[in-house]
Amino acid sequence: MATILRDGDLGLLSGKVAVIGYGSQGHAHALNLRDSGIQVEVGLREGSASWEAAEAAGLGVRTIAEAVGGAQLVAILLPDQVQPQVFAEHVAPSLAPGAAVLFAHGFNVLYERVAPAGANDVIMVAPKGPGHVVRRLFTEGYGTPALIAVHQDASGRARDLALAYAVGIGAGRAGILETTFKEETETDLFGEQAVLCGGTAELVRAGFETLVAAGYQPEIAYYECLHELKLIVDLMWEGGLAGMRYSISDTAEFGDYTRGRRVIDEHVREAMKAILDDIQSGAFAREWVEDMENGEARLKAMRAEAAQTALETVGKELRSLMHRAGDH
Ligand code: NAD
Ligand code: MG
Ligand code: MG
Ligand code: MG
Ligand code: MG
Ligand code: MG
């Protein structure tokens, strides 16, 4: 069993922490660190749409170069695509020698797209959850688990600094695990491609389309294959597969054991292994970087095509009835 860490020395973060970006992870890290008593400054592009939101939350906001100047630690919480350019143009020139550079995902460091100078610590704190959940659970007194890693230890205390930051964002309340940039990146990409995002999205779509093609009402197919998924996943989150199975009917449980493996069969495991091979060989990274360099043309086309599917149009209508105004 891996060692699960719960505590670190917040005193190591006695200087300024610059949080670059105020998106999903950025807002959560900035607010949680601030609430943990750490001096935080948010760095944004001039004219950024997030500027007002960060100020309204009581945070100090400056340009990226200004926030980086004099910071003890700089957290790069920008979309992975823009990190190399923003780091080179706005972070590196103002970075104090000896400052630590922190990432929330290992992609750019592992694939050598961002390489801070040898005098800087290069560390990672990767929360295992979306930024909005990282913030919400923190305000409720809970935390989101996180992985920490060290790529470059210039100060000799890079690991303890990462641990302190993880505790500052509340991860100690849930559990902190040590890893490497390579392990975090490869498992994160695999999880989101095979299970969490790609696998789940296609499982939902296949189930919905199978029912609709057989003549069932699309609204019922939507409730059955997408809406209820959250309720089932909540049970898994609370109690694992056994906890989920305790709450469902015996009929559902019998169908689960006897039919689940017919859907997720050997062929699916072979496909998962091929996806992992693509990640480990760097083929996935090359394909994604090529699209980044092409203005994300493929990403944008696939996003537009996905929005047109029946699952999405039916869902939009049904959700408007279920969710209170302002929820989403
Ligand atoms: P995001 O897409 O929410 O965007 C972050 C911020 O970057 C925004 O404030 C945006 O205004 C700013 N930004 C965008 N383009 C910019 C540019 N060209 N110059 C300057 N600023 C720009 O980012 P995110 O999803 O929070 O991801 C940040 C990092 O965290 C990534 O490395 C990601 O892999 C990692 N991560 C994200 C999640 C998540 O929940 N989204 C979970 C774990 C790790
Ligand atoms: Mg997004
Ligand atoms: Mg992930
Ligand atoms: Mg990811
Ligand atoms: Mg049911
Ligand atoms: Mg039961």
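The values are calculated or read from the model by the stated rules, or taken from the named source; none is laboratory data. Just so it is clear, the structure is predicted and the values come from calculations on it, not from any experiment. Don't worry about glycine lacking a Cβ; one is built from the backbone with ideal geometry, like all the others, and counts go over all protein chains shown. Accessible surface is based on the protein model in full, side chains and every heavy atom, while ligands, DNA and RNA are left aside. Shrake-Rupley method; radii C 1.70, N 1.55, O 1.52, S 1.80 Å.
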Give me the tail of P(r) for segment 145-286 as a percent: Cα-Cα pairs with distance above 17 Å.
74
Report the Stokes-Einstein translational diffusion coefficient (µm² s⁻¹, integer) for segment 30-134, Rh taken as the Kirkwood radius over Cα pairs, at 25 °C with viscosity 0.890 mPa s.
171
Rounded to whole angstrom, the alpha-carbon centroid of segment 256-301 lies from that of segment 22-96 at a distance of 32
Measure nothing fancy, just the Cα-based angle from helix 250-263's long axis to the longest principal axis of the chain, in degrees from 0 to 90, nearest 10.
80
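Order the following by accessible area, largest value first: 237, 51. Probe radius 1.4 Å; ligands, DNA and RNA are ignored.
237, 51
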Run the quick spin-label model on residue 300 and residue 56: label points 7 Å from Cα toward the beta carbon, then report their separation in nm to one decimal.
2.8
Leaving out ligands and nucleic acids, and using a 1.4 Å probe, what accessible area per residue does the chain come to in Å²?
55
Excluding residues fewer than 8 positions from residue 300 in its own chain, the lysines with Cα under 18 Å of it are none
In deg cm²/dmol, rounded to 500, what helix-only [θ] at 222 nm does the chain give when every DSSP H run of at least 4 residues adds -39500 (n - 2.57) and the total is split over its residues?
-15000 deg cm²/dmol
At 1.4 Å probe size, with the rest of the protein present, what percent of the exposed accessible area of segment 214-283 is carbon and sulfur atoms?
59
Pairwise over distinct Cα atoms, reciprocal of the mean inverse distance: report the Kirkwood radius of the chain in Å, one decimal place.
21.9
Among the listed pairs 128/182; 182/273; 16/182; 230/316, which have their C-alpha atoms separated by more than 23 angstrom in this model?
16/182
Could you work out the relative contact order of the chain, using alpha carbon pairs under 8 angstrom and six or more residues apart, expressed as a whole percent?
15
Can you give me the Rg/Rh ratio for segment 18-62, using Cα atoms for both radii and the Kirkwood formula for Rh?
0.91
Have a look at the DSSP beta bridges in the chain and tell me what percent are antiparallel, nearest 5.
20
For 256, 35, give me the order by solvent-accessible area with a 1.4 Å probe, most accessible first, ignoring ligands, DNA and RNA.
35, 256
